[in-house]
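Reading through the structure tokens given below for one structure.
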Ligand SMILES: Nc1ncnc2c1ncn2[C@@H]1O[C@H](COP(=O)(O)OP(=O)(O)OP(=O)(O)O)[C@@H](O)[C@H]1O
Ligand SMILES: [Mg+2]
């Protein structure tokens, strides 16, 4: 017990003293999430462009009114309005002659909304011109609905990807220590192998918990991401997911002699999962012929489980498939890792 | 006295190399034993078999009465080791390393006094990565002593160290012996073996060629001293009873105990009216022993 706790304590100390490990484990996932989230539309808000043909007092008043609407931009066009509309440069074209505005829109839904906004602006201008007191008022409040914004999708995906990466790379630490002869030195003590490995796994679990907290908190602070499910029920998924990927990492450490080989193998395992296992977009959007491949990727089950819990509040009892898949990986790769585990480099 | 270490007909085969070849050995308690031999002699293999890190293909190895192959855990609890390529976790301090290794054993020494003895107390907060070679070897020695072992194995504890650092390790080994522990160390340096060891084991190609105290080895294989004479009318010395050897115009005498014979020799020379121009007495070394045993030099 003493050996186990001391090992975990020292493992954590070493981890927090290694700048590169800190970066890849904690800073990178967060930066990555913010970057992807910002690049792909987690930024809320409306933007539209209206083209105005014609001039006069009505035209300038309408331009004034539209420019006050947030996200709306207006251009005065002398010719070629229809082409601009067709090309999608503007959502609506307003042709103004005297006190008559002729709105031309397309069949795009954005165009429909924008034409309504323009009509509303014209209505407001009429009311103002009549100097009538307002009888009815409406105010707007916004509420968030889970599963509709991209960050709801992205945050659990990034969490899954992060668990995968740190799990896979936990094995490479073993390679470094093995090639330095530290593992052999430890084998010269009565420390049981199980305690050594157990302490390593525990250390990674602590890391996984910190990562999960960090990612969910940043998603909330930056993107107003609000998880629906009970976050405690994330823990079994985190633990099993991390374990599954650690066993793969240990297996790689067993078969690879050098860091170079291990990194290559790790990339072969992790890259397809990053793009095909539902981290950044749903698996349902993959081309049909790739889907069977996606179904054998362990990360797919972790991301779908995490997403179900965090976004939809699905109880764990409904996630047996995901649990079985991850447990299968952990058992099979765990057995392989034990079979291939080596305390020292073979001499050449 | 029952032996602390007992090896009987040990065989260890690596592919085509026989690293230990029917080797037998016995070490009694409280001795410092130096295993001397050229690269690839099997020194490390011998130690690692005794440490429970390598398994024998045939034969038996016992440490403190335990069969190393079967009772590995019991042996590991009671011995201290320092491997040839010693490394510890770079990002831990000396003290943390000691805490960590201490936690692996059921019995351990008082940490502060151990660090103090080894001159590591002032360095206890330093990261292992920032230590010099000599300091690292002292850490390795501390880790070998952390469980208060009865036997310690040191594989080349001074290789790569400068003379001052080497002397420091020597005095620490001396200290460890005075605490009553048995020390088995390997070395390429015959002066190290000569200085530290009660017993020297000369190994080559997985076999023990000779074993004994330094004096005994020199006596048995070379004579303790070598007398070299240069002068006039001395040629008669090649005949009995003196049996000198002529070597490049000089006369060389290997003699077990020079001081016992010197008076008699000098008066004999004087009485014959011969003249000595030049007289040199050289100590024989373990290198001479090795040369004599294998026809090769120890350090190439
Ligand atoms: N794990 C191994 N695999 C293959 N061959 C080995 C292994 N360990 C040792 N050998 C071989 O066994 C022989 C003895 O090696 P050992 O390391 O015991 O020698 P040594 O006396 O310690 O040498 P050195 O002075 O260079 O440390 C050498 O020929 C070595 O190449
Ligand atoms: Mg060696």
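None of the figures in this text is laboratory data; all of them are computed from the coordinates on show. Predicted model only: the values in this text are computed from it and were never measured. Because the Cβ atoms are built from the backbone with ideal geometry, glycine has one as well, and the counts that use them run over all protein chains shown.
If packing is taken as the average count of other Cβ atoms within 10 Å, what order do A:121-129, B:148-156, A:69-77, A:162-170 fall into, highest mean first? If you can, show how the numbers build up before the last one.
On the way: A:121-129: 12.9, B:148-156: 22.1, A:69-77: 14.6, A:162-170: 25.2.
Sorting A:121-129, B:148-156, A:69-77, A:162-170 by mean packing, highest first, produces A:162-170, B:148-156, A:69-77, A:121-129.
Restricting things to alpha carbons, find the Rg to Rh ratio for segment A:203-262 using the Kirkwood radius for Rh. Could the numbers behind the result be given before it?
Values: Rg = 15.4 Å, Rh = 13.5 Å.
In segment A:203-262, Rg relative to Rh is 1.14.
Counting Cβ atoms of other protein chains within 10 Å of each residue's Cβ and taking the mean over peptide B:81-87 gives 4. For chain B, take the longest principal axis of its alpha carbons; what is the angle in degrees between that and the long axis of helix B:258-271, to the nearest 10 within 0 to 90? So the helix axis and the longest Cα principal axis differ by about 20 degrees. The C-alpha radius of gyration of chain A, expressed as a fraction of 2.2 N^0.38 Å, stands at 1.41. With kT/(6 pi eta Rh) evaluated at 37 °C and eta = 0.692 mPa s, and Rh the Kirkwood radius from Cα pairs, segment B:17-116 diffuses with a coefficient of 208 µm²/s according to Stokes-Einstein.
Averaging 1/r over each pair of different alpha-carbon atoms in chain B and inverting the result gives 21.4 Å, the Kirkwood hydrodynamic radius. Taking only Cα atoms, what is the 0 to 90° angle, nearest 10, from helix B:133-145's long axis to the longest principal axis of chain B? Long axis of B:133-145 versus the principal axis of chain B: about 70 degrees.
Roughly speaking, what % of Cα-Cα pairs in segment A:144-298 are separated by over 23 Å, rounded to a whole number?
Values: 5545 of 11935 pairs.
Result for the distance tail: 46 percent.
Other protein chain C-beta atoms within 10 Å of residue C-beta, averaged over A:12-21: 2. Counting Cβ atoms of other protein chains within 10 Å of each Cβ in A:190-200 and taking the mean gives 2.
Taking the convex hull of the alpha carbon atoms in segment B:106-226, what volume per residue do you get, in Å³? If you can, show how the numbers build up before the last one.
Numbers: hull volume 16.8 nm³, N = 121.
About 139 Å³ per residue, rounded to a whole number.
Structure remark: mean-square fluctuation, Gaussian network model of chain A, C-alpha springs under 10 Å; the largest value among A:150, A:301, A:281 belongs to A:281. With contributions of -39500 (n - 2.57) from each DSSP H run of at least four residues, the per-residue ellipticity at 222 nm computed over the protein assembly as shown stands at -15500 deg cm²/dmol.
Using the alpha-carbon centroid of each, what span in Å lies between segment A:274-288 and segment B:186-203? When both Cα centres are located, 67 Å separates them.
Relative contact order of chain A, please, whole-number percent, based on alpha carbon pairs below 8 angstrom and at least 6 residues apart. Dividing the mean separation by the residue count of chain A yields 20 percent.
From Cα pairs below 8 angstrom and at least 6 apart in sequence, can you work out the relative contact order of chain B, rounded to a whole percent?
Once divided by the residue count of chain B, the mean separation gives 20 percent.
On a 0 to 90° scale, report how tilted helix A:320-340 is relative to the longest principal axis of chain A, with both axes built from alpha carbons and the result rounded to the nearest 10. Between helix and principal axis, roughly 40 degrees.
Counting Cα-Cα pairs of segment B:223-283 in 5 Å increments starting at 0 gives whole-percent bin shares of 4, 18, 33, 31, 12, 2. Considering all C-alpha pairs of segment A:225-344, those separated by over 25 Å amount to 30%.
P(r) tail, the protein assembly as shown: Cα-Cα pairs separated by more than 49 Å, 44% of all pairs.
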